[in-house]
Ligand code: SF4
Ligand code: SF4
């Protein structure tokens, strides 16, 4: 039987999972951390500490400020040096708390033991409350506050919880290693999310290039309502809409969310963090980050405290190679190039990727030869070659009719173009313009 | 450390390039080229060499001195046009006519539209049709296979499609068939016809290679071949005296070359799979109409050119199926 995957488009770039099987390693604490107040989608959190304050590991330092917002905790113990603007991975300066690390003193109410706690008497509402308190956000990269996602809008019903263990980006292995090393905690976390969401069925999707993770997770979930489903390797299967389609054959409508077809999707990292938050009272202050690249001495999976500088992580993996051209926050398909390494790891950082000069060289842009490859690989059924031409000509209304807003920015089109045309660059430009037009229409 | 490069995602790219695709098609044509050289000898070598070199040279000269743009004569596309043009000419065509064909193909059909990617009509076919209209006698005097060392002095004859068309004026299909090469010879290419289009089996090998390497998809060639087979099959079943059987149509003329190589030209064929199927069926139908009811024995080249002309329209109105049209929990 051939394995399931999504039905439209997709590419299969070289997987390059250099750090697959490298166990998650704890690294020594850095001297200083910088914890941004906006690590999630939505309103920045309201800061509670000031210069000179002493903080402990896990102490609340910024509070949720709005419906779509969440809490932020100190990832270290020490003294607050500054609350000020610091550059983040986007290259912009944003408000953050800078803390001088002193020792490693944790809040007393955090359970730091390895003991598995399973049974819970907590109700649905308690689980959500705990998740907000612990500052849980989507760890797949979107960083949407998780407790909000558990609240199903009226008129819709949730039927399935889908857990994303696909990790379809080349190089990244953080989720894989989490599944291999913490299967029971993960399974417990998934059960908590099911309860929080109020569904009976959960499916964990894992791509077939991670046979160990599939086997281990099947074992860990065998007496539960959680089904583990192996999937054919195909990028961008980790995209929510693609994953839902691959597992359930349901198409999330254009402009809609998975809940429109009765599904809510969480990443495996989020499920793990949920377990830690609810059962161990442990806020989201650390995560697994893959540090990888062909030129890097030791491609690794590190357990990293939020706020740790990227440069420090690279040091731990053997140092920045001489011939580095780019450093990517995330994977090669959707990650963002960093302009400085002096930026902190945040809740949404899944990987740091080092790209060599020869790999970074962009090919010469040639005319479109109308080979149809970009149309063939687009998972959203769009026509990237056409959207690029329209964007170049400023035909934004036409772009809207051609459904440009459905583009998930997966980059499959640019990746596959034999003429090396920067399709997604122009599509993004068009999306921004179309977005403006749509907003101004609403405002009228 | 040098400054870090900041560029938008994706940060990875396929290894495929325009030249790699073009040379992929060229490699797939080698079996057919070999068979043609085997049957038409020195004539095929001369026509092919002249056609290929002229196309490359004209592309270079036009880009360098007329358009004053960066030359792309070595990206494989001019070589491919030259090869395909040679494939649809008789192997005894005089040099200068080949060169005119190349000039029309590259100069008019490709460069006046702005070069690779912008032309509406398939350059090699435009070159061929121009020659066919300008030099009808030379373009329909086909050398008999097996004359290794002859070029313009080769003995000539009519193509199977020509014999069939002519014969049907006075005779029935059954009476004509004995005058024609066997199906096996047609399959192998041991017959009269344009130099590169005779060997059905070698062209089919090329198609398998193209599909395997994912250079083309099945939609265009299979829809053309399937349509011709079905349409001629229906006619044959209706009246086997007046209409040749479908296998005969599949193995003769420029159908294989047209369906596999000419109609699948990226630039001049539709962008969506639905569009490709409409285009393929259309080409198949028009080919049969011209062959069976038209004035010419062969029609695939005209059919392809006609549908090249429809391609912009198909691209405008036939859209791929967008993701997320079906709502189920709504
Ligand atoms: S980036 Fe957008 S247009 Fe390009 S393939 Fe992905 S979804 Fe389609
Ligand atoms: S992949 Fe590139 S060359 Fe091919 S149709 Fe798309 S834009 Fe044109």
**Message:** Restricting to the range A:1-12, count the residues that are in contact (Cβ under 8 Å) with a residue 24 or more places away in the chain, away from chain B (no Cβ under 14 Å) and either out of contact with any helix residue (DSSP H, G or I) (no Cβ under 7 Å at 6 or more places or on another chain) or closer than 12 Å to residue A:303 by Cα (or both).
**Reply:** 2
**Request:** Please verify whether the range A:13-33 includes one or more residues that are touching a residue at least 60 places away in the same chain (Cβ under 8 Å) and within 16 Å of ligand 2 (Cβ to nearest atom).
**Result:** yes
**Asked** Can you find even one residue in the range B:112-121 that is farther than 22 Å from residue B:262 by Cα and outside any helix (DSSP H, G or I)?
**Response** no
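Quick grid of which residues meet (1) out of contact with any strand residue (DSSP E or B) (no Cβ under 8 Å at 6 or more places or on another chain); (2) under 19 Å from residue B:13 (Cα atoms); (3) within 12 Å of chain B (Cβ to nearest Cβ); (4) within 16 Å of ligand 2 (Cβ to nearest atom):
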{"site": "A:307", "(1), (2), (3), (4)": "no, no, no, no"}
{"site": "A:320", "(1), (2), (3), (4)": "no, no, yes, no"}
{"site": "A:325", "(1), (2), (3), (4)": "no, yes, yes, no"}
{"site": "A:354", "(1), (2), (3), (4)": "no, yes, yes, no"}
**Only one of A:86, A:67 that is more than 20 Å from the chain's Cα centre (by Cα), in a strand (DSSP E or B) and modelled with pLDDT under 95** = A:86
**Prompt:** Does the range B:191-208 include one or more residues that are within 14 Å of chain A (Cβ to nearest Cβ) and under 30 Å from residue A:377 (Cα atoms)?
**Reply:** no
**Fill in**
Residue hits (the range A:250-285; within 14 Å of chain B (Cβ to nearest Cβ), touching a residue at least 40 places away in the same chain (Cβ under 8 Å) and out of contact with any strand residue (DSSP E or B) (no Cβ under 8 Å at 6 or more places or on another chain)) are A:254, A:255, A:259, A:260
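Of everything in the range A:395-409, what is without any contact (Cβ under 8 Å) to a residue 24 or more places away in the chain, away from ligand 2 (no atom under 16 Å from the Cβ) and outside any helix (DSSP H, G or I)? Give them in sequence order.
A:395
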**Request:** Give the residue, chosen from B:215, B:220, that is within 14 Å of chain A (Cβ to nearest Cβ), part of a helix (DSSP H, G or I) and within 19 Å of the chain's Cα centre (by Cα).
**Result:** B:220
**Fill in**
Per the list (1) over 20 Å from residue B:260 (Cα atoms); (2) modelled with pLDDT of 90 or more, residue check on residue B:128 breaks on (1)
**Prompt:** Just checking, which of B:231, B:248, B:243 is in a loop (DSSP other than H, G, I, E, B) and away from ligand 2 (no atom under 16 Å from the Cβ)?
**Reply:** B:243
**Complete:** Scanning the range A:374-394 for residues that are part of a helix (DSSP H, G or I) and within 8 Å of ligand 1 (Cβ to nearest atom), the one surrounded by the fewest Cβ atoms within 10 Å (Cβ to Cβ) turns out to be A:377
**Message:** For the structure I just gave you, tell me whether residue A:434 is more than 12 Å from chain B (Cβ to nearest Cβ), within 16 Å of ligand 1 (Cβ to nearest atom) and more than 24 Å from the chain's Cα centre (by Cα).
**Reply:** yes
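In the range A:335-350, is there at least one residue being at the interface with chain B (Cβ under 9 Å from one of its Cβ atoms), within 16 Å of ligand 1 (Cβ to nearest atom) and under 28 Å from residue A:286 (Cα atoms)? Spell out how you get there, then give the answer.
Within the range A:335-350, the first condition is being at the interface with chain B (Cβ under 9 Å from one of its Cβ atoms), and the residues that meet it are A:335-341.
From what is left, the residues that are within 16 Å of ligand 1 (Cβ to nearest atom) are A:335-336.
Still in the running and under 28 Å from residue A:286 (Cα atoms): A:335-336.
Yes: one or more hits.
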**Residue count, the range A:69-88 (criterion: touching a helix residue (DSSP H, G or I) at 6+ places or on another chain (Cβ under 8 Å) and either more than 23 Å from residue A:54 (Cβ to Cβ) or not assigned by TED's automatic domain parsing to the domain that holds residue A:42 (or both))** = 1
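Would you say residue B:309 is free of Cβ contacts under 8 Å to residues at least 24 places away in the same chain and surrounded by fewer than 19 Cβ atoms within 10 Å (Cβ to Cβ)?
no
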**Fill in**
Checked the range B:263-291 for anything within 14 Å of chain A (Cβ to nearest Cβ), assigned to a helix (DSSP H, G or I) and within 19 Å of residue B:126 (Cβ to Cβ); matches are B:279
**Item:** Residues (modelled with pLDDT of 95 or more, more than 9 Å from ligand 2 (Cβ to nearest atom) and more than 7 Å from chain B (Cβ to nearest Cβ)) located in the range A:356-381
**Value:** A:378
**Request:** Only residues that are surrounded by 22 or more Cβ atoms within 10 Å (Cβ to Cβ) and at the interface with another protein chain (Cβ under 8 Å from one of its Cβ atoms): list them for the range A:422-431, please.
**Result:** A:424
**Fill in**
Condition set assigned to a loop (DSSP other than H, G, I, E, B) and facing chain B (nearest Cβ under 8 Å), scope the range A:411-421, selection surrounded by the fewest Cβ atoms within 10 Å (Cβ to Cβ): answer is A:420
**Options B:6, B:37, B:25; residue that is surrounded by fewer than 19 Cβ atoms within 10 Å (Cβ to Cβ) and either part of a loop (DSSP other than H, G, I, E, B) or within 14 Å of another protein chain (Cβ to nearest Cβ) (or both)** = B:6
**Message:** Could you list, ordered by first residue, the pairs with Cβ atoms under 8 Å in which the first is in the range B:292-303 and touching a residue at least 60 places away in the same chain (Cβ under 8 Å) and the second is assigned to a loop (DSSP other than H, G, I, E, B) and surrounded by fewer than 20 Cβ atoms within 10 Å (Cβ to Cβ), at least 6 apart or interchain?
**Reply:** B:302/B:296
**Request:** Check every one of the helices (runs of 4 or more DSSP H) wholly within the range A:125-202 and list those with 1 or more residues that are under 14 Å from the mean Cα position of the chain (by Cα).
**Result:** A:146-149, A:174-181
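The values are calculated or read from the model by the stated rules, or taken from the named source; none is laboratory data. This structure is a prediction, so every number in the text was calculated from the model and none was measured. Note that each Cβ is placed from the backbone with ideal geometry, even for glycine, and that neighbours are counted across all protein chains shown.
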